Amino acid sequence: MCLAVPAQVLSISDPSRALALADSGGVQREIELSCVIADGPPETLIGAWVLVHVGVALAQISEQEALASLALWAELDDGDGA
Amino acid sequence: MCLAVPAQVLSISDPSRALALADSGGVQREIELSCVIADGPPETLIGAWVLVHVGVALAQISEQEALASLALWAELDDGDGA
Amino acid sequence: MTDAKRLTLAHGSGGEPMQQLLHQHIQPLFDNAILARQEDQARLNMTLAPGERLAFTTDSFVVTPLCFPGGNIGTLAANGTLNDLVVGGARPHYLSCALIIEEGLPLETLQALLADLAREVRAAGALVVTGDTKVVPRGAADGLFINTSGIGVIPAAVDLGTHRLKAGCRLLVSGPVGDHGAAILACRRELALGGDLISDCASLWPLVKGMLEEPGLLAMRDATRGGVNAVLHEFAAAAGLSVELEEAAIPVRPAVRGLCELLGLDPLQLACEGRLLAAVEADAAERMLERMHAHPLGSGAQLIGRLVPQRNSAVIVRGLYGVERSLPAVSGELLPRIC
Amino acid sequence: MTDAKRLTLAHGSGGEPMQQLLHQHIQPLFDNAILARQEDQARLNMTLAPGERLAFTTDSFVVTPLCFPGGNIGTLAANGTLNDLVVGGARPHYLSCALIIEEGLPLETLQALLADLAREVRAAGALVVTGDTKVVPRGAADGLFINTSGIGVIPAAVDLGTHRLKAGCRLLVSGPVGDHGAAILACRRELALGGDLISDCASLWPLVKGMLEEPGLLAMRDATRGGVNAVLHEFAAAAGLSVELEEAAIPVRPAVRGLCELLGLDPLQLACEGRLLAAVEADAAERMLERMHAHPLGSGAQLIGRLVPQRNSAVIVRGLYGVERSLPAVSGELLPRIC
Amino acid sequence: MKYVDEFRDPALVAQLVKRIDASAARLPSRQQPWQLMEVCGGHTHAIFRFGLDRLLPDCVEFVHGPGCPVCVLPETVIDQAVALAQRPGTLLCSYGDAVRVPGTGGSLLEARAGGAAVEVVYGPRDALELARRHPDKDIVFLAIGFETTAPATALALQAARREGIGNFRALCHLVLIEPPLRALLADPQLCLDGFIGPGHVSLVTGTRPFDFIPAQYRRPVVISGFEPVDLLQSVWMLLRQLEQGKACVELQYRRVATTSGNSAARAAMEEVFEPAPSTEWRGLGSLPHSGLQLAPEYRAFDAAALLEPRAATGAEPGDPRCGCAAVLSGRMKPPHCPLFGRECTPATPSGPLMVSSEGACAAWYQYRQESADDRR
Amino acid sequence: MKYVDEFRDPALVAQLVKRIDASAARLPSRQQPWQLMEVCGGHTHAIFRFGLDRLLPDCVEFVHGPGCPVCVLPETVIDQAVALAQRPGTLLCSYGDAVRVPGTGGSLLEARAGGAAVEVVYGPRDALELARRHPDKDIVFLAIGFETTAPATALALQAARREGIGNFRALCHLVLIEPPLRALLADPQLCLDGFIGPGHVSLVTGTRPFDFIPAQYRRPVVISGFEPVDLLQSVWMLLRQLEQGKACVELQYRRVATTSGNSAARAAMEEVFEPAPSTEWRGLGSLPHSGLQLAPEYRAFDAAALLEPRAATGAEPGDPRCGCAAVLSGRMKPPHCPLFGRECTPATPSGPLMVSSEGACAAWYQYRQESADDRR
Ligand code: SF4
Ligand code: SF4
Ligand SMILES: [Mg+2]
Ligand SMILES: [Mg+2]
Ligand SMILES: [Mg+2]
Ligand SMILES: [Mg+2]
Ligand SMILES: [Mg+2]
Ligand SMILES: [Mg+2]
Ligand SMILES: [Mg+2]
Ligand SMILES: [Mg+2]
Ligand SMILES: [Mg+2]
Ligand SMILES: [Mg+2]
């Protein structure tokens, strides 16, 4: 279920409604940030990557975790094989 | 003003609303007879000629008067000329 | 299609449902080897003798309702394009058929209409060799629109057209005018009219084939949109001449006249779909009329007027009492009058 | 037209307003002597050398919106029909242009669209020689529909078609796929998408002219509705063979891919309007690809697969990890997915 | 067609022309021609269609009167109709004649091209039928007309009320024939010698609205039918009165018309309508007691109530060169209007007289272009 | 595409396959293969699209789970949506997935072809925007989905309430992931060895709905992303737990998923919805406390209220040969359904599993036709 795509927040289109323009693979759409802004103003999310489902950002993407996940396998290359 | 055409009542389509089917030069339309039925039932008008304007019969056509009018001129042919 | 009885957008989307629609339900109606090749284009092995020219024409058909007394959008789409070929003196050879379908159209309706189209085209000795099918969402079209384009061959000896019109030539109409337009008006639900109003929709090829054998034929038009009025004005404008019409000579069926009296319209402005106007040499008019009378499609043909050197009006009608009046070009859609 | 800025039913009624529209606003855009004769049919002085065949095709264009990044219904109507001629190996000669206009369309819009149509046709060395104009009431059409039919000539030496497909022949695509479909989807107001999505709408004649000079060309199709997917299935079905595709070789622009990821669509199902699929002899593929690369319209050409003896599926894709999967035919309209 | 063809018979027409010539010859000779006003636009139309004016002797002339309901429609009514047609969920139904009349912001046809919902119907009962079929829409009928036409609207509203059809309404601009005639006759510049009375209005009204003409102004009136024989007969009857120095209301149209009119039709009108204090006429201005408005019991059907009460728009007065007012009151002939045949044609009417084919300008344009140049 | 392409890298995939093979080789050998259920239809789709099932060793097998909101949509919901779309003045907005699902009287697409008003939107906010733009229409949003999707509907309804958009309503069929999993696991016939947890549901819920699986049934769970590297890594993590005899909930999808989920999204859901006493699942029947309904303060937005309360239609039970229930609960593979590929294809789906490309049958049909015949 639930096709979700990574998107980068480009700008805030309506701060009061937490609406932002985001880019996903070169395609732009308005998305809603209200579930991923903690307390700060939405502007702090500009540039951040989020995971979007039916127009709502459900999570920020952690670059660190993504790299760690990929690195894990690079490492494992000569680990688990044995 | 007021294009009106002679039409012959063919049948009564809705006696309660005094609606009838009438033929005008080979074209049939529903018309309203309520202004030309005196007291009797609309059926008495079947076969009669009426003058219709925007779907309402405004008068019965008197064949006698029509013939009289035409005959007058036939007569006058050698009357008034002098 | 399996169980689907109505056409949906899927039938126009280029995929499996569309292929099924075309192969199972549409192409068989036109049954011919060229269309069956299913390429993006028909390939036609034509040979043109010296002096022969190709005639090429197109028309889209948007009639409401799709079926009317005397025809339907299928017969109209066939005959409209066939007639546009034949009034140029061309023998019709090939037609295309492009459909724009509003989703929800019953498949059965579509098939019946196209079967009629195919039959009319076949009757004229022509073939539907290429086509296209689009389905648009509800409300984006009105049931069904059909475009047909046609290719025919004009023999070397034939040269018809407004360039041959001249003062003195006679104007013949092939039958009663306005039948199609009257039949369509009577179908308009808001007008709620009944009566013996039947479209004249027909292929003129059988009539024209004979007329082409007679000498003195100068130009022809089928009197479709805008009726005879429009053709007369086109002739006058193209030739730089005026038209003189005899009102009493114009053939009009009683019911068409009745409808015109009722709605305040002029039969000359009503469309025909199986009538032509021919301009002929003055001395050939009589024989041409006889030739036309010999064919059922021309049995009601009449000499209705002639071209004369330009006057102040393009078209002048001599009325019942001998008074001339100007007949202006149609100025817009036909609207019933109350006054 | 005087002051009227929008088209009304009067402009389609066959009378004066229609004549004015045609003479003042439409015919000048196509400026040519054949159209200017204003007969019911164009008369074409064509000569066909022995072995030459006529190509004849038709398409109606119903795109929403009328204007989109990279083109409009005018360029589409020109190039769609030109392309259907040229993929059969025909040099385009003559087009018809039939309009169905929803009343209320601004005249200015119509003129701009037809000017673009005329320009594209002219650029391919062809002429618009006959036409038709219908105006339908508000709500009976969606702004503007255009039908174009086309006539071209196939040289005696050219024989392209699915009858020449055979196992082992290679499949080339002339550039990135799905650009047009993606651009149109992005225009859909309800989807509210932006991005660098530009239709590939273009006339393929300049590219094909060169390809016809290369040996080994067997068949071509422009990948319009149903996208590359539809052409592959048509090839497989017509030849009784299967297609094997290399997923990694299929050229897709980043933004088109982005849109497909977002909406859950497959780029192979999205329409192109300036791409063709060519089947060529195995040993001619390399040189054909070079030839295609030499032209801007083919600079992104790729060898994407081949025909093989029939397997259990018509079209089989070898994915990124070497696993084969079946690629079914498109089954209906393209719908964005959430899951 | 029965009751039509007999009254177009060329032989009878020829006879009548002879008789008119003879009668005219007996009239006292004078500088200006004898001017007979055909009050009704339907007469105007028939005169041009059959070329009857060309059959009259030079000393007798038709003058076109104000009796075309379309020609007297003020721009404000069209503007209201346009606003209703543009209202979401509303369908405006109209007689075909009214949809081409220009308002200040264009005609109903132009509004339709811009997206407004407009339907042409044959009569009000068809609009009522649309209301029955589309209960979710407001169906507004643009009710124009003189006394001939008003009863049909009255009957439809009575039916709507009886059957509780709440989504049917009328935008009424119903006018009466007598007030404009009074206004015309009161003009001291006017020298009309007789009147061809509107046969179809009189079917409803009887002859009463015309009695003042002989009584107060000593001009003869003949209530006439609409076929060539009817009209020529009426001309002859008028000439006879003039010849004999008489002035009374005569009935030519005896096959349908009576002195008393149709009381059932009047009863329907009287139930549904009441006299309006004042009504606007294009070309004639505002005339007191010259029209009808919905009676209190029928106010619920008033379509005007659906509109925002507009701040009196200083409505643009239209092209100042427009000659409608002068033509309408018989002071100018159509081809002398500076717009005639140039800006103003049936395809692009500047004024209402070019819209209905009853309008003097449209009739002139349609039938007299040739003769206008040939003879004048 | 960032965060996509890296996770499709063929080199990484190859490495993972090696590792899975090695791990599988270390598992105790047994008759039947190790069955790992991917709960989520999104996973099913990715598995088929990339052929991941074909990369696994013979002793490891994917089993497709109930996690596709479209596949579990009961016919009655579609029937209600169709009835709303057919209602005058109403526009039904839906995700693209739901419009091809057959109800007892056809799908929404078929209804649209028959004249109903149906619009496909990307999300509920777009439907709300339509309501703003068309104040004269009732805009109904067909709100389906699991916990991933419900927050978007909640946010749109909050906005509608805040802004007083009265013509926006939702027809809700929102379901929860835990109840069907509990139902599955309670089936004594089922022998699943591990679960690939739905990464996107857990963005909202966190790992809580899956804790019972190791706790009560001692089966390992890995919450997984949706790219090939994610899925293969998750398979490997499951095999590792099996190898080591462990059973716990692990997070593979760490770049977005957390154990606690998204509390803001849950807060929106909790304001707008409340647990429904019981909810119908296609193929699974009625499950208690398995879905959401509008909370009392949001009942005014319930589109079901626009419908006539229907006499419980003894709704036709559909084709008795339909294998959806068995496929949905992992007891049958799609090609063994008697309708598969015959009556039931993506163009003419008999059951919902053939509709969404997440549906096990559609995925099988779309990607495995060739292999189905080649290898099985
Ligand atoms: S020509 Fe036009 S503007 Fe002039 S009087 Fe006639 S209708 Fe009015
Ligand atoms: S093939 Fe169709 S009917 Fe059978 S289980 Fe799959 S979806 Fe259901
Ligand atoms: Mg044509
Ligand atoms: Mg034609
Ligand atoms: Mg023609
Ligand atoms: Mg096509
Ligand atoms: Mg429609
Ligand atoms: Mg084509
Ligand atoms: Mg094409
Ligand atoms: Mg093509
Ligand atoms: Mg045409
Ligand atoms: Mg539209």
Q: Among the strands (runs of 3 or more DSSP E) lying completely within the stretch C:224-339, list those that include at least 1 residues that are buried (at least 22 other Cβ atoms within 10 Å of the Cβ) and modelled with pLDDT of 95 or more.
A: C:241-246, C:276-280, C:302-309, C:315-318
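Just wondering, is there one or more residues in the stretch F:291-310 that are more than 13 Å from every other protein chain (Cβ to nearest Cβ), within 30 Å of residue D:316 (Cβ to Cβ), away from ligand 3 (no atom under 16 Å from the Cβ) and at pLDDT below 85? Before the answer, list the steps.
Restricting attention to the stretch F:291-310, the residues satisfying the condition of being more than 13 Å from every other protein chain (Cβ to nearest Cβ) are F:291-310.
Now drop any that are not within 30 Å of residue D:316 (Cβ to Cβ), which leaves none.
No, that holds for no residue.
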Q. Can you find a residue in the stretch D:27-35 that is among the polar types (S, T, N, Q), out of contact with any Pro (no Cβ under 7 Å at 6 or more places or on another chain) and within 12 Å of chain C (Cβ to nearest Cβ)?
A. no
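Check the stretch E:63-73 and report whether any residue there is over 16 Å from the mean Cα position of the chain (by Cα) and more than 11 Å from chain C (Cβ to nearest Cβ).
The initial filter retains those residues of the stretch E:63-73 that are over 16 Å from the mean Cα position of the chain (by Cα), namely none.
Within the stretch E:63-73 (the criterion being over 16 Å from the mean Cα position of the chain (by Cα) and more than 11 Å from chain C (Cβ to nearest Cβ)), the answer is no, since none of the residues qualifies.
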**Q.** Subset of the stretch C:141-156 (residues that are more than 17 Å from the chain's Cα centre (by Cα) and either modelled with pLDDT under 95 or at the interface with chain D (Cβ under 8 Å from one of its Cβ atoms) (or both))
**A.** C:141, C:142, C:154
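Conditions tested, residue by residue: (1) more than 14 Å from chain C (Cβ to nearest Cβ); (2) more than 16 Å from ligand 10 (Cβ to nearest atom); (3) touching an Asp or Glu at 6+ places or on another chain (Cβ under 7 Å); (4) closer than 30 Å to residue D:303 by Cα.
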| site | (1), (2), (3), (4) |
| --- | --- |
| D:103 | no, yes, no, no |
| D:106 | yes, yes, no, no |
| D:115 | yes, yes, no, no |
| D:136 | no, yes, yes, no |
| D:139 | no, yes, no, no |
Q: Check whether at least one residue in the stretch C:137-144 is touching a helix residue (DSSP H, G or I) at 6+ places or on another chain (Cβ under 7 Å) and away from ligand 7 (no atom under 16 Å from the Cβ), and report yes or no.
A: no
Q.
within 11 Å of chain D (Cβ to nearest Cβ), farther than 22 Å from residue D:271 by Cα and crowded, with 19+ Cβ neighbours inside 10 Å: is that true of residue C:60 in this structure?
A. yes
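Quick one: is residue C:118 assigned to a helix (DSSP H, G or I) and either in contact with a helix residue (DSSP H, G or I) (Cβ under 8 Å, 6 or more places away or on another chain) or assigned by TED's automatic domain parsing to the domain that holds residue C:276 (or both)? Before the answer, list the steps.
Values: assigned to a helix (DSSP H, G or I): yes; either in contact with a helix residue (DSSP H, G or I) (Cβ under 8 Å, 6 or more places away or on another chain) or assigned by TED's automatic domain parsing to the domain that holds residue C:276 (or both): yes.
So residue C:118 fits the description; yes.
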Q: Kindly establish whether residue D:152 is under 30 Å from residue F:134 (Cα atoms), in contact with a Gly (Cβ under 8 Å, 6 or more places away or on another chain), within 16 Å of ligand 6 (Cβ to nearest atom) and not in a loop (DSSP other than H, G, I, E, B).
A: no
Q) What pairs can you find where one residue is in the stretch D:157-179 and within 12 Å of another protein chain (Cβ to nearest Cβ) and touching a residue at least 12 places away in the same chain (Cβ under 8 Å), the other is of a type in the set (S, T, N, Q) and surrounded by fewer than 22 Cβ atoms within 10 Å (Cβ to Cβ), and their Cβ atoms are less than 8 Å apart, with a gap of 6+ or different chains? A) D:162/C:38
Q: Answer with yes or no whether residue B:31 is touching a residue at least 12 places away in the same chain (Cβ under 8 Å) and within 14 Å of the chain's Cα centre (by Cα).
A: yes
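Among the listed residues D:44, D:21, D:48, identify the single one that is more than 8 Å from chain C (Cβ to nearest Cβ) and in contact (Cβ under 8 Å) with a residue 40 or more places away in the chain.
Details: D:44 fails: more than 8 Å from chain C (Cβ to nearest Cβ); D:48 fails: more than 8 Å from chain C (Cβ to nearest Cβ).
Answer to the check: D:21.
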Q: Give the stretch C:183-227 a look and list any residue that's within 11 Å of another protein chain (Cβ to nearest Cβ) and of a type in the set (Val, Ile, Thr), or say none.
A: C:224
Q) In the set F:243, F:227, which member is touching a Leu at 6+ places or on another chain (Cβ under 9 Å), over 22 Å from residue F:331 (Cα atoms) and charged (D, E, K, R)? A) F:243
Q: Quick one: residue F:248 ticks every box in (1) over 25 Å from residue F:74 (Cβ atoms); (2) within 14 Å of chain A (Cβ to nearest Cβ) except a single one, so which number is it?
A: (2)
Q: Report, ordered by the first and then the second residue, all pairs with beta carbons closer than 6 Å, sequence separation of six or more or different chains, a first member in the stretch F:333-349 that is at negative phi, and a second member that is of a type in the set (Asp, Glu) and at pLDDT 85 or above.
A: F:347/C:16
Q.
Would you confirm, using the coordinates I've provided, whether residue D:135 is buried (at least 22 other Cβ atoms within 10 Å of the Cβ), out of contact with any Cys (no Cβ under 9 Å at 6 or more places or on another chain) and of a type in the set (A, V, I, L, M)?
A. yes
Q | Hits in the stretch A:28-52 - residues which are farther than 24 Å from residue F:257 by Cβ and either within 14 Å of chain D (Cβ to nearest Cβ) or in a loop (DSSP other than H, G, I, E, B) (or both) | A | A:28, A:30, A:41
Q.
From the list A:66, A:38, exactly one residue is over 13 Å from the mean Cα position of the chain (by Cα), without any contact (Cβ under 8 Å) to a residue 40 or more places away in the chain and closer than 22 Å to residue F:201 by Cα. Which is it?
A. A:38
Q. Considering E:54, E:49, E:100, which residue is surrounded by fewer than 21 Cβ atoms within 10 Å (Cβ to Cβ), under 19 Å from the mean Cα position of the chain (by Cα) and more than 16 Å from residue E:280 (Cβ to Cβ)?
A. E:49
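Of these, E:183, E:160, which one is surrounded by 19 or more Cβ atoms within 10 Å (Cβ to Cβ) and of a type outside the set (S, T, N, Q)?
Numbers: E:183 fails: surrounded by 19 or more Cβ atoms within 10 Å (Cβ to Cβ).
Within the list E:183, E:160, the selection yields E:160.
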Q.
If I filter the stretch D:204-222 for residues that are buried (at least 23 other Cβ atoms within 10 Å of the Cβ), in a loop (DSSP other than H, G, I, E, B), of a type outside the set (Ser, Thr, Tyr) and out of contact with any Cys (no Cβ under 7 Å at 6 or more places or on another chain), do I get at least one hit?
A. yes
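The values are calculated or read from the model by the stated rules, or taken from the named source; none is laboratory data. Please read all numbers here as calculations on a predicted model, not as lab measurements. For neighbour counting, all protein chains shown are included, and Cβ atoms are generated from backbone atoms with ideal geometry for every residue, glycine included.
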